[in-house]
Every structure is written in structure tokens, then in C-alpha cells.
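The values are calculated or read from the model by the stated rules, or taken from the named source; none is laboratory data. Being a predicted model, the structure only gives us computed values, none of them experimental. Neighbour counts run over all protein chains shown; Cβ positions are idealised from the backbone, glycine included. With ligands, DNA and RNA removed, areas are computed over all heavy atoms of the protein, side chains included. Shrake-Rupley method; radii C 1.70, N 1.55, O 1.52, S 1.80 Å.
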Amino acid sequence: MTPVHNAPPAGYRPCAGAVVLNAGGQVFVARRIDQPADAAHAWQLPQGGIDDGEDAETAARRELAEETNIRTIRLLAELPGWQCYDFPEGMGGRRWRHYRGQAQKWFAYGFDGPDSEIDLKAGPKPEFEAWDWVPMARLPSLAVPFKRPVYAAVATRFRSLTA
């Protein structure tokens, strides 16, 4: 389990994440567009940076809408504290050079819309190429190794939720 922080630690990019559950209790995941289609760990939950002056829950909703077009949601729960992970050695480039990793605030939502609402190409810069509904317990195994502890914490905390 990852350490929980009351605020994003220095050196970590503040982010918000969304766990979206359908009526069957399954979780929305999407496959990153920048990964090979056969990559076992190319799947992730919608997440993204928190803009200056933006609260974390607003950021989670904004990122979810930008990345997936999912808007018909209701808040079910919030994971207490901030979950952090470090970027692996060699990851970075100009975009991430100022950060050691990411600090994430996670929210769970019930999805009340039809699957046809989901559109991975609706945003200005698509990040995903495919999506699926999966059991909550599968989340850690679908994530890249450096994110697994955070995904395990999310799955453990939200496992009893239903949409």
C-alpha cells in the first residue's frame, strides 16, 4: 500500500483521478493510445493534472469529460488523502522533468449514462484508443508496474461500492 499524504508532497505533480462504475459494478478503464495494442499494462483510469485554482474533484470531472466524454455521473466516494507514485528512471523528457512523480486525489463515480456517451475522440488531444468495463479487482494487474500500488489502494478502498 502506498503512503497517504494530507497534501501533495513537494516535487510531485498534483493530479485527480476518476473511478467510474457502471450499473453492474464494473470499472471503466481505457487503453493508452501511446502503447502497443498488445501491451498487457497499457490500461489506466482517467486522470490528469489539477489546474491552478481548481479543486481536485472539479479536476477529476474535467479530466474525465476531456478524455472520455463521460459526463452523466454522480459522486459516490472520495479516497482520503493523496496517493503518490514516482516516475520510473528514464521517464520524463521536458514535460515531467520538474517532477519526481505524481500525487493523486481519487474519486469514485456512478455512471448513469448509456455506453454510447463514451467517446475517446471527443477531447482536443485523444489519450486513449479503446475502453472496457472490468471488475475492480483487475485494476492493479492492468496498470503499468509503477502505478500498481496506487491502483491497489484505489481498488481496495472502492471495492464495496456499487453504482
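Give the residues of segment 49-72 that are over 15 Å from A108 (Cα atoms) and touching a residue at least 24 places away in the same chain (Cβ under 8 Å), sorted by residue number.
Those that are over 15 Å from A108 (Cα atoms) and touching a residue at least 24 places away in the same chain (Cβ under 8 Å): G49, I50, E66, E67, T68, N69.
So I33 passes all but one of these: (1) within 13 Å of the chain's Cα centre (by Cα); (2) modelled with pLDDT under 95; (3) not hydroxyl-bearing (S, T, Y). Which condition number does it fail?
Only one criterion is unmet by I33, namely (1).
Applying the selection to segment 36-50, what residues are under 13 Å from S141 (Cα atoms), of a type outside the set (A, V, I, L, M, F, W, C) and either at pLDDT below 90 or touching a Pro at 6+ places or on another chain (Cβ under 8 Å) (or both)?
H41
Got at least one residue in segment 54-73 being assigned to a loop (DSSP other than H, G, I, E, B), touching a Pro at 6+ places or on another chain (Cβ under 7 Å) and either modelled with pLDDT of 95 or more or not hydroxyl-bearing (S, T, Y) (or both)?
No, every residue in segment 54-73 fails to be assigned to a loop (DSSP other than H, G, I, E, B), touching a Pro at 6+ places or on another chain (Cβ under 7 Å) and either modelled with pLDDT of 95 or more or not hydroxyl-bearing (S, T, Y) (or both).
Where residues in segment 109-141 are under 14 Å from Q26 (Cα atoms) and among the aliphatic types (A, V, I, L, M), which of them is nearest to the chain's Cα centre (by Cα)?
Selected residue: L139.
For segment 1-27, which residues satisfy the criterion of being at pLDDT below 90 and either among the charged types (D, E, K, R) or outside any strand (DSSP E or B) (or both)?
Selection gives M1, T2, P3, N6, A7, P8, P9.
Looking at segment 14-34, I want the residues that are over 12 Å from W133 (Cβ atoms) and open to solvent by 10 Å² or more (accessible area, probe 1.4 Å) and have a partner that is part of a strand (DSSP E or B) and charged (D, E, K, R) with Cβ atoms under 7 Å, at least 6 apart or on another chain. Which pairs are those?
So the pair list comes out as R31/E129; I33/E129.
Which residue, of G81, G101, G113, is in contact (Cβ under 8 Å) with a residue 12 or more places away in the chain and in contact with a Ser or Thr (Cβ under 8 Å, 6 or more places away or on another chain)? Give the derivation first.
On the way: G81 fails: in contact with a Ser or Thr (Cβ under 8 Å, 6 or more places away or on another chain); G101 fails: in contact with a Ser or Thr (Cβ under 8 Å, 6 or more places away or on another chain).
One residue alone meets the criteria, G113.
Among the residues of segment 28-53, write down those that are polar (S, T, N, Q) and in a loop (DSSP other than H, G, I, E, B). Give the derivation first.
Quick first cut of segment 28-53, residues polar (S, T, N, Q) only: 35, 44, 47.
Hit for segment 28-53 is Q35, nothing else.
Against the conditions (1) charged (D, E, K, R); (2) modelled with pLDDT of 95 or more; (3) surrounded by fewer than 18 Cβ atoms within 10 Å (Cβ to Cβ), where does D86 fall short? Just the number, please.
Going through the list (1) charged (D, E, K, R); (2) modelled with pLDDT of 95 or more; (3) surrounded by fewer than 18 Cβ atoms within 10 Å (Cβ to Cβ), D86 breaks only (2).
Looking at segment 100-138, which of its residues are at pLDDT below 95, open to solvent by less than 30 Å² (accessible area, probe 1.4 Å) and touching a helix residue (DSSP H, G or I) at 6+ places or on another chain (Cβ under 6 Å)?
G123
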